[in-house]
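The values are calculated or read from the model by the stated rules, or taken from the named source; none is laboratory data. Bear in mind that the values here come from a model prediction, so they are computed numbers and not experimental data. Using ideal geometry, Cβ is built from the backbone for each residue, glycine included, and neighbour counts are taken over all protein chains shown. To get the accessible areas, we keep the full protein, side chains included, count just its heavy atoms, and leave off ligands, DNA and RNA. Shrake-Rupley method; radii C 1.70, N 1.55, O 1.52, S 1.80 Å.
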Amino acid sequence: MTLWLFLHIAGCVLFLGNIVTAAFWKVRADLKGDPAEIHHTVKNVMLADAVFTLPGLLLIIVSGIVMAMQAGYGMSGMSWLTASLVLFGITGILWAGILIPLQKGMIRHSLQSVKDGGISASYKRASTYWAVGGTIATLLPFVILYLMVSKPY
(Lines give C-alpha, C1' and ligand atoms only; values in the text may rest on other atoms or scores of the structure.)
Protein backbone atom coordinates (compact mmCIF):
# COMPACT_ATOMS: atom_id res chain seq x y z
CA MET A 1 0.00 0.00 0.00
CA THR A 2 3.01 2.32 0.41
CA LEU A 3 3.38 2.87 -3.36
CA TRP A 4 -0.35 3.53 -3.69
CA LEU A 5 -0.27 5.95 -0.77
CA PHE A 6 2.67 7.78 -2.36
CA LEU A 7 0.81 8.00 -5.69
CA HIS A 8 -2.32 9.22 -3.88
CA ILE A 9 -0.41 11.96 -2.05
CA ALA A 10 1.45 12.92 -5.25
CA GLY A 11 -1.91 13.19 -7.02
CA CYS A 12 -3.24 15.41 -4.24
CA VAL A 13 -0.18 17.65 -4.46
CA LEU A 14 -0.51 17.99 -8.25
CA PHE A 15 -4.27 18.55 -8.09
CA LEU A 16 -4.44 20.98 -5.17
CA GLY A 17 -1.17 22.70 -6.01
CA ASN A 18 -2.23 23.47 -9.55
CA ILE A 19 -5.73 24.73 -8.77
CA VAL A 20 -4.36 27.12 -6.14
CA THR A 21 -1.40 28.24 -8.26
CA ALA A 22 -3.49 28.75 -11.40
CA ALA A 23 -5.96 30.91 -9.49
CA PHE A 24 -3.07 32.94 -8.05
CA TRP A 25 -1.60 33.72 -11.48
CA LYS A 26 -4.99 34.51 -13.00
CA VAL A 27 -5.87 36.92 -10.19
CA ARG A 28 -2.48 38.62 -10.59
CA ALA A 29 -3.01 39.03 -14.34
CA ASP A 30 -6.52 40.40 -13.82
CA LEU A 31 -5.26 42.91 -11.26
CA LYS A 32 -2.56 44.08 -13.67
CA GLY A 33 -5.26 44.75 -16.28
CA ASP A 34 -3.13 44.12 -19.38
CA PRO A 35 -5.32 42.30 -21.96
CA ALA A 36 -2.32 40.51 -23.52
CA GLU A 37 -1.09 39.25 -20.15
CA ILE A 38 -4.60 38.17 -19.17
CA HIS A 39 -5.00 36.27 -22.44
CA HIS A 40 -1.62 34.60 -22.02
CA THR A 41 -2.47 33.66 -18.43
CA VAL A 42 -5.94 32.22 -19.07
CA LYS A 43 -4.56 30.10 -21.93
CA ASN A 44 -1.87 28.78 -19.59
CA VAL A 45 -4.39 28.08 -16.82
CA MET A 46 -6.17 25.78 -19.26
CA LEU A 47 -2.85 24.19 -20.28
CA ALA A 48 -1.83 23.69 -16.64
CA ASP A 49 -5.14 21.93 -15.99
CA ALA A 50 -4.29 19.44 -18.74
CA VAL A 51 -0.67 18.99 -17.63
CA PHE A 52 -1.08 18.94 -13.83
CA THR A 53 -4.70 18.89 -12.64
CA LEU A 54 -5.88 16.04 -14.87
CA PRO A 55 -2.95 13.70 -14.10
CA GLY A 56 -3.31 14.55 -10.40
CA LEU A 57 -7.00 13.74 -10.61
CA LEU A 58 -6.31 10.40 -12.28
CA LEU A 59 -3.70 9.50 -9.66
CA ILE A 60 -6.16 10.37 -6.87
CA ILE A 61 -8.95 8.29 -8.35
CA VAL A 62 -6.95 5.18 -9.26
CA SER A 63 -4.84 5.07 -6.10
CA GLY A 64 -7.84 5.91 -3.91
CA ILE A 65 -9.91 3.07 -5.36
CA VAL A 66 -7.06 0.58 -4.95
CA MET A 67 -6.35 1.62 -1.35
CA ALA A 68 -10.04 1.63 -0.39
CA MET A 69 -10.43 -1.88 -1.79
CA GLN A 70 -7.25 -3.09 -0.06
CA ALA A 71 -8.39 -1.60 3.24
CA GLY A 72 -11.84 -3.15 2.91
CA TYR A 73 -13.75 0.13 3.08
CA GLY A 74 -17.39 -0.28 2.22
CA MET A 75 -19.60 2.26 0.53
CA SER A 76 -22.65 1.62 2.69
CA GLY A 77 -23.60 4.20 5.27
CA MET A 78 -22.04 7.57 5.90
CA SER A 79 -18.31 7.62 6.42
CA TRP A 80 -15.44 9.97 5.72
CA LEU A 81 -14.93 8.11 2.44
CA THR A 82 -18.55 8.49 1.34
CA ALA A 83 -18.57 12.18 2.26
CA SER A 84 -15.27 12.67 0.41
CA LEU A 85 -16.58 10.96 -2.71
CA VAL A 86 -19.75 13.07 -2.70
CA LEU A 87 -17.69 16.27 -2.34
CA PHE A 88 -15.28 15.04 -5.03
CA GLY A 89 -18.24 14.45 -7.36
CA ILE A 90 -19.60 17.94 -6.70
CA THR A 91 -16.16 19.38 -7.42
CA GLY A 92 -15.99 17.45 -10.70
CA ILE A 93 -19.43 18.66 -11.75
CA LEU A 94 -18.43 22.26 -10.99
CA TRP A 95 -15.22 21.95 -13.03
CA ALA A 96 -16.66 20.05 -15.99
CA GLY A 97 -20.01 21.79 -16.16
CA ILE A 98 -19.16 25.36 -15.21
CA LEU A 99 -15.49 26.21 -14.83
CA ILE A 100 -14.03 24.64 -17.97
CA PRO A 101 -16.67 26.28 -20.21
CA LEU A 102 -15.98 29.58 -18.41
CA GLN A 103 -12.23 29.13 -18.99
CA LYS A 104 -12.83 28.57 -22.70
CA GLY A 105 -15.00 31.69 -22.72
CA MET A 106 -12.33 33.70 -20.90
CA ILE A 107 -9.80 32.66 -23.55
CA ARG A 108 -12.14 33.86 -26.34
CA HIS A 109 -13.10 37.07 -24.53
CA SER A 110 -9.51 37.88 -23.56
CA LEU A 111 -8.38 37.44 -27.18
CA GLN A 112 -11.09 39.87 -28.23
CA SER A 113 -9.93 42.21 -25.45
CA VAL A 114 -6.41 42.11 -26.88
CA LYS A 115 -7.78 43.04 -30.32
CA ASP A 116 -9.97 45.81 -28.84
CA GLY A 117 -7.24 47.16 -26.55
CA GLY A 118 -9.29 46.95 -23.34
CA ILE A 119 -10.84 44.39 -21.03
CA SER A 120 -14.34 43.55 -22.23
CA ALA A 121 -17.43 43.33 -20.04
CA SER A 122 -17.94 39.74 -21.22
CA TYR A 123 -14.45 38.78 -20.00
CA LYS A 124 -15.08 40.47 -16.64
CA ARG A 125 -18.41 38.65 -16.27
CA ALA A 126 -16.92 35.24 -17.13
CA SER A 127 -13.96 35.95 -14.84
CA THR A 128 -16.25 36.86 -11.93
CA TYR A 129 -18.31 33.68 -12.35
CA TRP A 130 -15.07 31.67 -12.62
CA ALA A 131 -13.77 33.24 -9.41
CA VAL A 132 -16.93 32.38 -7.48
CA GLY A 133 -17.26 28.84 -8.86
CA GLY A 134 -13.51 28.30 -8.65
CA THR A 135 -13.42 29.31 -5.00
CA ILE A 136 -16.08 26.74 -4.17
CA ALA A 137 -14.42 24.09 -6.35
CA THR A 138 -11.09 24.80 -4.63
CA LEU A 139 -12.37 24.77 -1.06
CA LEU A 140 -14.18 21.44 -1.45
CA PRO A 141 -10.96 19.46 -2.13
CA PHE A 142 -9.42 21.00 0.99
CA VAL A 143 -12.40 19.69 2.98
CA ILE A 144 -11.79 16.30 1.34
CA LEU A 145 -8.11 16.51 2.30
CA TYR A 146 -9.11 17.17 5.91
CA LEU A 147 -11.49 14.19 5.87
CA MET A 148 -8.85 11.97 4.29
CA VAL A 149 -6.22 12.86 6.88
CA SER A 150 -8.43 12.94 9.99
CA LYS A 151 -10.97 10.21 9.08
CA PRO A 152 -13.35 11.64 11.70
CA TYR A 153 -16.11 9.02 11.25
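What the table below lists for this structure:
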| read-out | value |
| --- | --- |
| Computed FRET value (nearest 0.05) for Arg125 with Val86, which takes r as the C-beta separation and R₀ as 25 Å | 0.25 |
| Accessible area (Å², per residue) of region 3-106, counting only protein heavy atoms and a probe of 1.4 Å | 54 Å² |
| Extension gain (nm, one decimal) between Asp116 and Glu37, 0.36 nm per residue minus Cα-Cα | 27.0 nm |
| Stretchable slack from Ala96 to Val132, in nm (0.36 nm times residue separation minus alpha-carbon distance) | 11.5 nm |
| FRET efficiency for Gln70 and Leu47, using Cβ-Cβ distance with R0 set to 35 Å, rounded to 0.05 | 0.50 |
| Radius 15 Å from Cβ of Ala22, net charge of other residues (Lys, Arg +1; Asp, Glu -1) | +1 |
| Derived scalar couplings ³J(HN,Hα) [region 51-63; Karplus, 6.51 cos²θ - 1.76 cosθ + 1.60; whole Hz; x for Gly, Pro] | 7, 10, 5, 5, x, x, 4, 5, 4, 4, 5, 5, 5 |
| Region 143-153 - phi-based ³J(HN,Hα) in whole Hz, Karplus 6.51/-1.76/1.60, Gly and Pro as x | 5, 4, 4, 4, 4, 5, 7, 8, 6, x, 8 |
| Order by protection proxy (mean Cβ within 10 Å, highest first), peptides 29-40, 102-113 | 102-113, 29-40 |
| Relative contact order of region 1-91, defined on C-alpha pairs under 8 angstrom at six or more residues apart (%) | 43 percent |
| Relative contact order (%) - criterion: Cα under 8 Å, at least six apart; region: the chain | 31 percent |
| Listed values [x] 107; [y] 97; [z] 146, entry calculated as volume of the Cα convex hull per residue in Å³ | [y] |
| Calculated FRET efficiency for the pair Arg108/Leu3, C-beta based, R₀ 35 Å, to 0.05 | 0.25 |
| Region 1-78, accessible surface, carbon-and-sulfur percent (1.4 angstrom probe) | 75 percent |
| For Ser120, distant residues with modelled amide H under 5 Å away | Ser113 |
| Calculated from backbone phi, Karplus (6.51, -1.76, 1.60) coupling profile of region 110-116 in Hz, x at Gly/Pro | 6, 4, 5, 5, 4, 5, 7 |
| Within straight-line cross-link reach of Lys124, aspartates and glutamates at Cα separation under 17 Å, skipping those fewer than 8 residues along the same chain | Asp30, Asp34, Glu37, Asp116 |
